[in-house]
């Protein structure tokens with residue numbers, strides 16, 4: 001049994017996941033702090049991850065790419081905002097373009113990791129929040145994306161009709 | 001197919017911070033207009049105007065229940081919010097599972 005609970009809050013676009021591992025806190029921390037271990041769980045089997053930069057101190061950066069079945073690469077980054085090994089880690093997780101630069105068009109997620117050991121069991125709490133700016137952008141997209149492609153098609157039709 | 005003026009109304013509705021915040025509050029909950037009026041430092045009438053702009057843009061609907069007027073987002077937007085969270089959940093269920101496997105394989 002790993003996952004203890006998952007709470008989803010659609011209003012605030014927040015998700016809290018609690019998991020427990022029968023292992024000491026240092027062992028669970030290493031899943032995050034050792035890039036070779038991070039690679040083994042970050043990407044699904046179909047999209048294994050390769051971690052390039054890996055600096056888990058506050059202000060540090062983690063960069064990675066995932067390789068898909070056709071060899072296509074998806075790049076991502078973390079910006080570490082707080083770190084207190086082996087108990088706490090906070091970072092923003094976002095998408096990157098082909099060169100690895102942050103892609104501001106896709107939503108970034110704030111992730112807060114808390115680890116606590118008790119009687120040889122380590123409890124890991126993960127809290128995900130869509131960043132407010134991105135969250136707003138998402139809201140706009142939810143509304144706007146539905147109509148925008150249609151209005152572009154409409155413009156095309158008008159331009160074609162008047163040509 | 002929406003007319004250009006529908007698109008204008010939509011962008012106008014979303015161009016205001018208070019209206020975006022109202023929309024945000026309506027995603028999962030169904031606040032009443034009077035409840036919203038308590039939240040913002042503005043009059044009931046001013047909040048009502050903001051809600052009307054959102055309503056004209058097709059982003060929310062108002063429903064009278066007793067003495068209250070409830071404000072709701074359209075179901076599709078809520079559905080998309082839920083789907084985004086469901087995707088996040090699915091991704092992390094897989095990750096936690098792989099973490100557990102890794103710990104079992106390399107306990108030390």
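Other chains near B:85-98: what is the mean number of their Cβ atoms within 10 Å of each residue's Cβ? The partial results should precede the final answer.
Values: counts 9, 3, 0, 9, 6, 1, 3, 8, 5, 5, 8, 12, 4, 8.
Counting other chains' Cβ atoms within 10 Å and averaging over B:85-98 gives 6.
Taking every pair of alpha-carbon atoms in the stretch A:1-100, give the share separated by more than 16 Å as a whole percent.
65 percent
Average partner chain C-beta neighbours within 10 Å, per residue of A:26-37?
Taking the mean over all residues of the peptide, I get 2.
Among B:27, B:22, rank each residue by its count of other Cβ atoms within 10 Å, from fewest to most, as a rough exposure measure.
Result, fewest neighbours first: B:27, B:22.
Cβ neighbours within 10 Å, averaged per peptide: list B:92-100, B:57-65 in order, most packed at the top. Walk me through the numbers on the way to the answer.
Numbers: B:92-100: 18.2, B:57-65: 16.1.
Top of the packing list down: B:92-100, B:57-65.
Provide the FRET efficiency to the nearest 0.05 for the residue B:104-residue B:61 pair, computing r from the beta carbons and using R0 = 45 Å.
0.30
Please report the spacing between the Cα centers of the stretch B:39-55 and the stretch A:24-63 in Å, no decimals.
47 Å
Could you line up B:24, B:50 from fewest to most neighbouring Cβ atoms inside 10 Å?
B:24, B:50
Bear in mind that the values in this text are calculations on the coordinates, not laboratory data. Model, not experiment: these values are computed from the prediction. Note: ideal-geometry Cβ built from the backbone for every residue, glycine included; neighbour counts use all protein chains shown.
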